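Trainee: Below you will find the structure I want to go over with you.
The numbers here are math on the coordinates, done by the rules we state, and not lab data. Values in this document were obtained by computation on a predicted structure and should not be read as measured data. Here the Cβ is made from the backbone with ideal geometry for all residues, glycine too, and neighbour counts use every protein chain on show.
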Amino acid sequence: MGTVLEYIKEYGKYSFQEKPMTEVDSLALCQLSYLKFDGMVPDVKERCTPVTLESLKQHPDYERLFADVRYEEVNRALIEGMLASERFRDLQLNYYVNEIEKECETQFSAVTYTLNDGTVYVAYRGTDETLVGWKEDFNMAFLSPVPGQEFSVGYLNAVAERIQGPFYLGGHSKGGNLAVYAAMNCDLELRERIVKIFNLDGPGFRPEVLEACGYEGITDKVVKILPHSSLVGMLFESDMRYKVVESKTFGLMQHDPYTWLVEGDHLKAVDDIYGRRKKMDNTLNRWILSLSEEQLKTFVDTLYQVISASRADNLIDMTAEWKRSMNGIIAALKEIDDETVKILKAVVKALFDVASQSRKQNKPGRPRRKD
């Protein structure tokens, strides 16, 4: 039993003609979308020939792919494993977009792949390391639509006009939410061409959003996968049609799909979310639904104000300079009522836990793998 990296080693000898798309392939493609393809993959506004994964290795800016230090080592292993495999070596990439707009509190990125059997997969990137990205995550969980969701629909409509036949959609974390939102709101003719929609531990939607967007029209195509101790993916998860998988780690770090265990050619399934975690998730959902839109907006704005008091631009810096970050955060909390402070402290602690663990895995001075 291993992870997606071992899966690629074991099944990389098969083309997609020999072995059609699996949920683990989807996981690999969604993780690949986190790499920084800026300047290397044709922009969605262009009509250019796609580039192959193999050609990226020769690009002078190849090292920039791994700018997100949270997952640098595993991302290197992922792309090197893909390049060594028959299954992914000829993967084609096109229609890349990466937008970060602080004023609009938006971080949106997507890329489209063509596999060696002609299958097309549209992948939405999840939350990156920027605090703006995390602010939009909270906006998305509480308010809808957010700019990233609207961008996801426009992106899908634009890309689908340029490709033929059926295609897949998917994403991890926020990317999974964007994939589902795009499928619900894209042109009706395009919706019929969607084979499956992979939502990998991405948040759900408020009940009124599901009803207004016609979720029942795509529900049979949605494949939602959650780790054993899911928090993000259980936000507004109400229809209970999801697969729970085992992870090699604990708590919130299970949000990282590189920790999800693979058994044969599929993710190792377990019965359900841990009982204590599920109770906490349900309590959080009930609390969110009890608040008005104005109250939710105030809470999210306050949360971002508290995190921004750290004076960091991203989670890695926030943890690296934790003393300065905590001084700023503690000062900001003094201006807030006790009940809100209690919830804010829990959320800030969760962010510190995630960022701290990522920083431990990518300590400065750690030797890089040589190409």
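Trainee: Given the C-alpha centroids of the stretch 168-195 and the stretch 1-72, what is the distance between them in whole angstrom?
Mentor: 20
Trainee: How much net charge surrounds VAL159 when only other residues with a Cβ under 13 Å from its Cβ are counted (Lys, Arg +1; Asp, Glu -1)? Please report the intermediate quantities before stating the final value.
Mentor: On the way: positive: LYS45, ARG47, ARG162, ARG193; negative: ASP43, GLU46, GLU161, ASP187.
In short, 0.
Trainee: Taking 32 Å as the cut-off for C-alpha to C-alpha distance, list the pairs among LYS9/LYS45; LYS268/LYS297; LYS13/LYS268; LYS13/LYS196 that go past it.
Mentor: Violating the 32 Å limit, Cα to Cα: LYS9/LYS45; LYS268/LYS297.
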